[in-house]
Structure formats: structure tokens, C-alpha cells
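The values are calculated or read from the model by the stated rules, or taken from the named source; none is laboratory data. Keep in mind that this is a model prediction, so the values were computed, not measured. Heads up, the Cβs are rebuilt from the backbone with ideal geometry, glycines too, and the neighbour counts pull from every protein chain shown. Only protein heavy atoms, including side chains, enter the accessible area calculation; ligands, DNA and RNA are left aside. Shrake-Rupley method; radii C 1.70, N 1.55, O 1.52, S 1.80 Å.
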Amino acid sequence: MLEQKIQELQQRIDNSNRIVFFGGAGVSTESGIPDFRSVDGLYRQKFDLPPETILSHSYFLRHPEEFYRFYREKLVWPDAQPNPAHRKLAELEAAGKLLAVITQNIDGLHQMAGSRTVWELHGSTLRNYCMRCHTRYTKEELLSQPGVPRCSCGGIIRPDVVLYEEPLDPETIEGAVRALSEADLVIVGGTSLVVYPAAGLLDYTDAPVVLINKSATAFDSRAALVIDGAIGEVLSQITV
Ligand code: NAD
């Protein structure tokens, strides 16, 4: 059954030249980064406050020390490497078959695998900036400071990630919507599709959608093909 579905995915990929991939935290679990909503995900672990609260704009401003303790421990994975899913998507782009990767992830692994057009809906832990003078800092520079990282001007450095209560970047949304509207095949994978407005972007495509996920989503009934499996294992069987 799984084999047949992977064959169907292969045929759809062979017949498409404007593929767009839309993914989430599940794309990086095979790189050792936990997602939020799987059984062993971050949301099932016990914290004093819900992760949505700790990762919100207002909490960050009020409690930067607590925010950074959580952030360093749970959201930055300096040793993570791309897995076969990231690498296959980069291969498809290099072969001229994939237009863009749209990701909710903040780990930079698609670019590390070689993907070039990556719309990062929720920003990236690789980029950081001073909230006062806007000087940019790398992830390594941020992590080299203990506690709340500070700029030489005295301002607090923050990650260039979209916190809860914050809007998405308009240019990123525009790029993602453009890619989705031009797609001839959309592959969605490793996402629970419950985080909005990100999940709502799938309304901007008329292309057939293939969904590769380890658990059911509200989008399953709209998909042309649903593959219940680990995305790295599935995509590693695709030939470009
Ligand atoms: P989510 O945690 O809500 O859902 C992950 C989904 O992926 C689940 O449906 C799970 O069953 C599935 N999954 C897990 N491993 C998989 C695998 N190997 N193959 C296929 N499916 C797999 O994640 P989300 O939908 O991306 O939304 C949560 C938010 O989490 C996003 O906004 C994102 O910014 C943030 N996040 C990012 C990272 C990261 O950058 N790697 C990690 C954790 C959370």
C-alpha cells in the first residue's frame, strides 16, 4: 500500500515542473529536532506555562530571561543536520522541478541542504538583531552570550522569528502565495496544519496536493494523495 502510494508520488513528480513544498516541524524530526504536537513533541512536555505563552511577543518583552532559557533549551539545535527530506527537496530544485520551499520551520536546514528559494513563514533562528539599533547577529554570536544577549549599544538582541501575537512578514507571504498560485503540484509534509495564518496559505493553490504526514490533518480530505509515513523515508525513495 505504502509502496503503491510512493509510486504514485513518483509519477506525479515526474509529470510536474513547478512543484512547491509546504512543510513544518515534522520535516526536521528526522534531524533530531522535536516538533510541537507529536506524542514526544514540545507541547506534551510539562512546563510552568504553555509554550504559546513563553513564545509570545508580550512574554518576551516582560520576561526576556525566562524566554531565553526556554528558547536556548528547546528551539535552537546547533548540531542538527539536514535529513533525506531536506536533501531531496534541494535536489528537485536543482533539477529545475521545484519552484520553492515554504516552511514554518525556523531551523535553516533547507538552506543547509542546498535549497535556494525558501520562504520562511516564521523567520529563522539563524538571524538575530538588536531591538534598539538593528545590528544583525548570527546564531553563534547570540549563543555565545549567557542569559539575555545584548548588543554593544546596550539593546536586547532578539531572534528574527515570528513570536505568537506577531504578524508574518508581508514579503514572505507574498512570495509564498505567488509560488503556490504558480504550482502544478503541491507537496505538504510534516505539519499539523493548525497554525494560522500559515496553514491558510494552502487556499491559494488549485494544484493537486500530496500530503505526507505521520498523523491525520484537517486537509486530508482535500488532498489528491495522502501518504501516512515519515517524510525523510518517503522522499528518499523518490528519484529525480
Ligand atoms: P506541529 O508540531 O504542529 O506538527 C508536526 C506534524 O508533523 C505532526 O502532524 C506530526 O505527526 C508530523 N510529523 C512528525 N514527524 C514527522 C515525520 N518524520 N514525517 C512526517 N510527518 C511527521 O508542527 P507545525 O505544523 O510545523 O506547527 C508548529 C510550529 O512549530 C511552527 O510554527 C514552527 O515554527 C514551529 N517549530 C519549528 C521547529 C523547527 O524549526 N524545526 C521545531 C518545532 C516547532
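Before moving on, here are some points about what is shown:
- Just so you know, the Rg over Rh for region 55-188 is 1.01, from Cα atoms, with Rh as the Kirkwood radius.
- Sparsely packed loop sites in region 41-106 (the trypsin sites (Lys or Arg not before Pro) outside DSSP H, G, I, E and B with at most 16 other Cβ atoms within 10 Å) comprise LYS46.
- With the biggest extent put first, the Cα atoms of region 32-78 measure 30, 23, 15 Å across the principal axes.
- Taking Lys and Arg as +1 and Asp and Glu as -1, the other residues whose beta-carbon sits under 12 Å from that of ASN128 total +2.
- Dimensionless Rg ratio for the chain, taking C-alpha atoms and the 2.2 N^0.38 Å reference: 1.03
- Long pairs among LYS74/LYS97; LYS97/LYS139; LYS5/LYS214, criterion Cα-Cα beyond 26 Å: LYS74/LYS97; LYS97/LYS139
- Across the chain, the relative contact order, built from alpha-carbon pairs under 8 Å that are at least six residues apart, equals 25 percent.
- Region 145-196 - percent of accessible surface contributed by carbon and sulfur, probe 1.4 Å: 54 percent
- Gained length - ARG178 relative to TYR196, 0.36 nm times residue gap less alpha-carbon distance: 4.7 nm
- Zero-based 10 Å bins, Cα pair distances in region 1-103, whole percents: 13, 31, 29, 18, 9, 0
- Separation between Cα centres of region 185-233 and region 117-144, rounded to whole Å: 28 Å
- Per-residue Karplus couplings for region 123-140, computed as 6.51 cos²θ - 1.76 cosθ + 1.60 with θ equal to phi - 60°, are listed in order as x, 8, 6, 6, 10, 9, 8, 6, 6, 9, 10, 6, 4, 8, 9, 7, 4, 5 Hz, Gly and Pro entered as x.
- P(r), alpha carbons of region 145-240 - 10 Å bins starting at zero, rounded %: 13, 34, 28, 15, 10, 1
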